Amino acid sequence: MQRTAAAAGLLCCGLSLSGCMPDNMKKDGKSRVTIVFDPTHEPESGFDPLYSWGTGVRPHDPLIQSTLFKYNEEDGFTNDLATSIDVSEDGLTYEIGIRDDAVFSDGSALAASDVAFTLNGVHESDSSCVDLSSVDSVEATDDYIVTVHMTSPDSALPYALQYIGIVPEASYDEISYGTNPLGSGPFKLQTWERGQRIELVSNPMYYGDKPSITTVCITFDDDDAACNACYEGTADLVYTTPRLSDQSINGYSLLDCVSMEQCGITLPLSSVSTSNAVLLNTQPADPSSLNSTEGTSRPIGNDVTCNLAIRKALNYGLNRKKLIETALKGYGTSAYCLATGLPWGDDKIKIKTDTTEAVRLLEADGWLLGTDDIRVRNGQRASIDLYYHHSDNEVSNKQTLNKNIADEFVRQMKNIGIEILPHATGFEQIETVALSQPTLRTYGSGSPAEIDEVYRSNAYNNLTGYASSQTDAYIDAARASADLDEANAQWKKAQWDGTNGPVAQGNAAQVWLATIDDLYFKRSALNVGRQYVHTRGGGWSLLNSIAAWTWDTI
């Protein structure tokens, strides 16, 4: 989807793109693109899949390395390195055939042993953000056959494998690989100047279709500076936010990409009186999770959000369309469950804005308006703290977005007599209160396993305390299913089966707000192919389709 920007007159700050002047502005140029991303998109640990390159918070095609499979919502899973996959009847063994014409960019052959080495390395790595907890071990059973042994059946395994780039066993070094990666993907790393720029060039040894774009230069800066790069004509694509979406820039248009990045507000289900603190004794499968402080004591429970009437009123009293128009300038869609719009999300899980019903629920539960127009029940005010990420030490295009969303939520909830007190703070502070206070956060990993991580009883990312044996059973059935359609049906039931579930119609464990579009200013002559739904965080997801990118012929 692409929208043309309307006129506005914002003065953007400057940006230097020294060394990245796009070749398309020069004599021969139809082979290079220059992109500006938010500084948070620069990979902290470099380009090592064993340290979450291509996975983690922003899963995407690793580009430098090949993956076993690729996925899009139109074709489902398609082979990349893999040529076949056979799953045993009990779901405990995956036999995956590997193509025999893949080589790393130094000319060395890629074999099943490299795949086994990579997957075992990711499985054993404390720094990886990929959940391979259902995997027991991986072995090369032939030069071009790899066998994955499972501890339990897991239909979500292919979703994890689609992002794991394969590294060479013979030359891999955990110290140097991240800055000097060797892969078999369509690109290889030419230059990385930390904090400034990354340059990728096409890999002549790549077995697949060669992209017509042979050089990708990526720089990192805030959205004002990125926008100014378009005014100066020194960038071809820049990642932006709704705040700047109405800029009218000669030679550019606004590219609006549908995303699975979904924001919601967690609502702790227990009261303070039923539990005082929690001691986390287990290491989560995702070390990057906000709920990953092993052995630390944190408060749990909230005496306002523990009331079902409050949680339901927050859901029914929210006008999502208005929030999207106000906070996102219309660049998003209403969300009602963890996977709105995805194959494992049920589009029937919708509710209408109904402030009358919200007020009825509150008053029926004894929450009556006080003298300050905030509801009170038995001396307890309907006042809720809301924490969202904003740090003066970070440059992130999403921080202003978080504030806009929180502010609009505050305004709307005041209309039904619920006071929301917003707190802008860093991730560390949010983590300390995440089990006792509502927090604004985003999801969208590209895998239905996220439902397991958020809703299974006692799961590491289950911040609301939601627990249901029935939901757990649906999740188990989804994991165990050998058929993806059946698995998706079970994932949907885990969210709402018509009677029970964590969504607004059931326990209302969150207020789901919206899915947030990814926005880019794009040079009009650049064609970026079909954009499938982007995963959380945008940026690198745009490059998933780079094989189809072309420049218009002048």
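The values are calculated or read from the model by the stated rules, or taken from the named source; none is laboratory data. It should be emphasised that the depicted structure is a prediction, and the values quoted were computed from it without experimental measurement. So basically every Cβ, Gly included, is an ideal-geometry build from the backbone, and we count neighbours across all protein chains shown.
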**Study point:** region 481-501 residues that are among the hydrophobic types (A, V, I, L, M, F, W, C), paired with ones that are part of a helix (DSSP H, G or I) and surrounded by 20 or more Cβ atoms within 10 Å (Cβ to Cβ) (beta carbon under 6 Å, 6 or more apart)
**Key:** 487/478; 491/451; 491/478; 494/451; 494/471; 494/474; 494/475
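Assess whether residue 320 counts as being more than 30 Å from residue 533 (Cα to Cα) and either free of Cβ contacts under 8 Å to residues at least 12 places away in the same chain or touching a strand residue (DSSP E or B) at 6+ places or on another chain (Cβ under 8 Å) (or both). Steps first, answer last, please.
Details: more than 30 Å from residue 533 (Cα to Cα): no; either free of Cβ contacts under 8 Å to residues at least 12 places away in the same chain or touching a strand residue (DSSP E or B) at 6+ places or on another chain (Cβ under 8 Å) (or both): yes.
Criteria not met by residue 320.
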Check your understanding: Restricting region 504-544 to residues that are at pLDDT 90 or above and in a helix (DSSP H, G or I), which is surrounded by the most Cβ atoms within 10 Å (Cβ to Cβ)?
Key -> 541
Check your understanding: Would you say residue 156 is crowded, with 19+ Cβ neighbours inside 10 Å, more than 16 Å from residue 62 (Cα to Cα), in contact (Cβ under 8 Å) with a residue 60 or more places away in the chain and among the hydrophobic types (A, V, I, L, M, F, W, C)?
Key -> yes
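Just to verify a result, which residue in region 457-503, among those that are of a type in the set (A, V, I, L, M, F, W, C), in a loop (DSSP other than H, G, I, E, B) and more than 23 Å from the chain's Cα centre (by Cα), is farthest from residue 265 (Cα to Cα)?
Applying the first criterion (of a type in the set (A, V, I, L, M, F, W, C)) to region 457-503 yields 459, 463, 467, 473, 475, 477-478, 480, 482, 484, 487, 489, 491, 494, 496, 503.
Among the residues that remain, those that are also in a loop (DSSP other than H, G, I, E, B) are: 459, 463, 467, 482, 496, 503.
Next, only the ones that are more than 23 Å from the chain's Cα centre (by Cα) stay: 467, 482.
Details: 467: 18, 482: 33 Å.
Taking the candidates together, the pick is 482.
Within region 121-146, can you find the residues that are among the polar types (S, T, N, Q), outside any strand (DSSP E or B) and surrounded by fewer than 18 Cβ atoms within 10 Å (Cβ to Cβ)? Full working, then the answer.
Within region 121-146, the subset among the polar types (S, T, N, Q) is 125, 127-128, 133-134, 137, 141.
After this cut, where a residue has to be outside any strand (DSSP E or B) as well, the list is 125, 127-128, 133-134.
Residues satisfying the conditions are 127, 133.
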Exercise for review: Name the single residue, out of those in region 188-213 being in contact with a Phe, Trp or Tyr (Cβ under 9 Å, 6 or more places away or on another chain) and part of a loop (DSSP other than H, G, I, E, B), that is surrounded by the fewest Cβ atoms within 10 Å (Cβ to Cβ).
Suggested key: 195
Review point. What number of residues within region 381-392 are outside any loop (DSSP other than H, G, I, E, B) and more than 12 Å from residue 419 (Cβ to Cβ)?
Key: 3
Check your understanding: Given the conditions (1) in a loop (DSSP other than H, G, I, E, B); (2) at pLDDT below 95; (3) touching a strand residue (DSSP E or B) at 6+ places or on another chain (Cβ under 6 Å); (4) of a type outside the set (A, V, I, L, M), which single one is not true for residue 158?
Key -> (1)
Check your understanding: Restricting the first residue to region 58-78 and requiring it to be on the phi < 0 side of the Ramachandran plot, which pairs with a second residue that is part of a strand (DSSP E or B) and aliphatic (A, V, I, L, M) meet a Cβ separation below 7 Å and a spacing of at least six or different chains?
Key -> 64/189; 68/82; 68/96; 69/82
**Study point:** Residues of region 194-230 satisfying the condition of being charged (D, E, K, R), within 20 Å of residue 36 (Cβ to Cβ) and in contact with a strand residue (DSSP E or B) (Cβ under 9 Å, 6 or more places away or on another chain)
**Key:** 197, 199, 221, 223
Revision key, fill the gap. When (1) closer than 30 Å to residue 305 by Cα; (2) surrounded by fewer than 21 Cβ atoms within 10 Å (Cβ to Cβ) are applied to residue 450, the one that fails is (2)
Exercise for review: Could you figure out which of (1) of a type in the set (Ser, Thr, Tyr); (2) modelled with pLDDT of 50 or more; (3) in contact with an Asp or Glu (Cβ under 7 Å, 6 or more places away or on another chain); (4) part of a loop (DSSP other than H, G, I, E, B) isn't true of residue 293?
Suggested key: (2)
**Study point:** Output for region 73-95, where each listed residue is surrounded by 15 or more Cβ atoms within 10 Å (Cβ to Cβ), in contact with a Phe, Trp or Tyr (Cβ under 9 Å, 6 or more places away or on another chain) and in a strand (DSSP E or B)
**Key:** 77, 79, 82, 85, 87
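Scan region 494-506 and tell me whether some residue there is of a type in the set (Ser, Thr, Tyr) and in the same structural domain as residue 333 (by TED's automatic domain parsing).
Let us first name the residues in region 494-506 that are of a type in the set (Ser, Thr, Tyr), namely 499.
Then drop every residue that is not in the same structural domain as residue 333 (by TED's automatic domain parsing), which leaves 499.
Scanning region 494-506, I find at least one residue that is of a type in the set (Ser, Thr, Tyr) and in the same structural domain as residue 333 (by TED's automatic domain parsing), so the answer is yes.
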Practice item. Quick one: count up the residues across region 469-500 that are in contact with a helix residue (DSSP H, G or I) (Cβ under 8 Å, 6 or more places away or on another chain) and farther than 16 Å from residue 448 by Cα. Key: 2
Check your understanding: Of the residues 354, 303, 365, 373, which single one is in contact with a helix residue (DSSP H, G or I) (Cβ under 8 Å, 6 or more places away or on another chain), without any contact (Cβ under 8 Å) to a residue 40 or more places away in the chain and of a type in the set (D, E, K, R)?
Key -> 354
Check your understanding: Could you say whether any residue in region 220-241 is part of a strand (DSSP E or B), surrounded by fewer than 21 Cβ atoms within 10 Å (Cβ to Cβ) and in contact with a Ser or Thr (Cβ under 9 Å, 6 or more places away or on another chain)?
Key -> no
